[in-house]
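Here it is, the structure in full.
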Amino acid sequence: MTLEQIPVTTIRGEETTFGELVDGKLALVVNVASRCGLSPQYEQLEALQKAYADRGFTVVGFPSNQFLQELSSEAAVEEYCSTTWGVTFPMSEKVRVNGRSAHPLYKELTGTPDVDGNKGRISWNFEKFLVSPSGEVKRFSPQTKPDAPEVVDAIEAWLPEG
């Protein structure tokens, strides 16, 4: 199964696939959590969404309570993200990102090493995977801010000229 074929349920309960959700765009996949100290990254993620959406880019948030920092329901997550951070990018239902019950997308993405060569388990909320339309993946740690030069440079390198 390719990344595009992996089933995804949106935060509103709609069944789709990763490919249909990103619609051929360069995607920054992020496991998010509302009660995490890193949640101010939502602001930077939304800024990237606004800056690059017209060039074929999207952020996709995957809420996860795996680190016990997410709200109890998808409706609460959606309301928090839209009212607190103005989030407009697509989000999935709450998922697990590690272990046997990890979402299939995360089972695939975690095989990608980060810049230090580390692959495997998600270490914390807001780990980032830049996924090209052709399936290439770059991984960034939770502490790497969405607007860090290495993330922006990778987005710019994989997007058509704007």
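The values are calculated or read from the model by the stated rules, or taken from the named source; none is laboratory data. Predicted model, so just to flag it, every value in this text is computed and none were measured. When we count neighbours, we look across all protein chains shown, and the Cβ atoms used for this are built from the backbone with ideal geometry, even at glycine.
Inside segment 47-162, counting only strands (runs of 3 or more DSSP E) that do not spill past its ends, which hold 1 or more residues that are of a type in the set (G, A, S) and closer than 21 Å to F18 by Cβ? I'd like the intermediate steps shown before the answer.
On the way: elements: 57-63, 128-131, 137-140.
Here the list reads 57-63.
In this structure, is E15 without any contact (Cβ under 8 Å) to a residue 12 or more places away in the chain, over 26 Å from A157 (Cβ atoms) and among the charged types (D, E, K, R)?
Numbers: without any contact (Cβ under 8 Å) to a residue 12 or more places away in the chain: yes; over 26 Å from A157 (Cβ atoms): yes; among the charged types (D, E, K, R): yes.
Criteria met by E15.
Looking at segment 25-35 only, could you name the residues that are part of a loop (DSSP other than H, G, I, E, B) and either surrounded by fewer than 18 Cβ atoms within 10 Å (Cβ to Cβ) or touching an Asp or Glu at 6+ places or on another chain (Cβ under 8 Å) (or both)?
Passing the criteria: A33, S34, R35.
When segment 132-162 is examined, which residues are found to be touching a strand residue (DSSP E or B) at 6+ places or on another chain (Cβ under 8 Å) and more than 20 Å from A33 (Cβ to Cβ)?
Across segment 132-162, the qualifying residues are S132, P133, V137, K138, E150, A154, I155, W158, L159.
Considering only segment 125-142, state which residues are of a type in the set (S, T, N, Q), surrounded by fewer than 18 Cβ atoms within 10 Å (Cβ to Cβ) and in contact (Cβ under 8 Å) with a residue 12 or more places away in the chain.
Those that are of a type in the set (S, T, N, Q), surrounded by fewer than 18 Cβ atoms within 10 Å (Cβ to Cβ) and in contact (Cβ under 8 Å) with a residue 12 or more places away in the chain: S132, S141.
G86: surrounded by fewer than 18 Cβ atoms within 10 Å (Cβ to Cβ), small (G, A, S) and at pLDDT below 95, yes or no?
no
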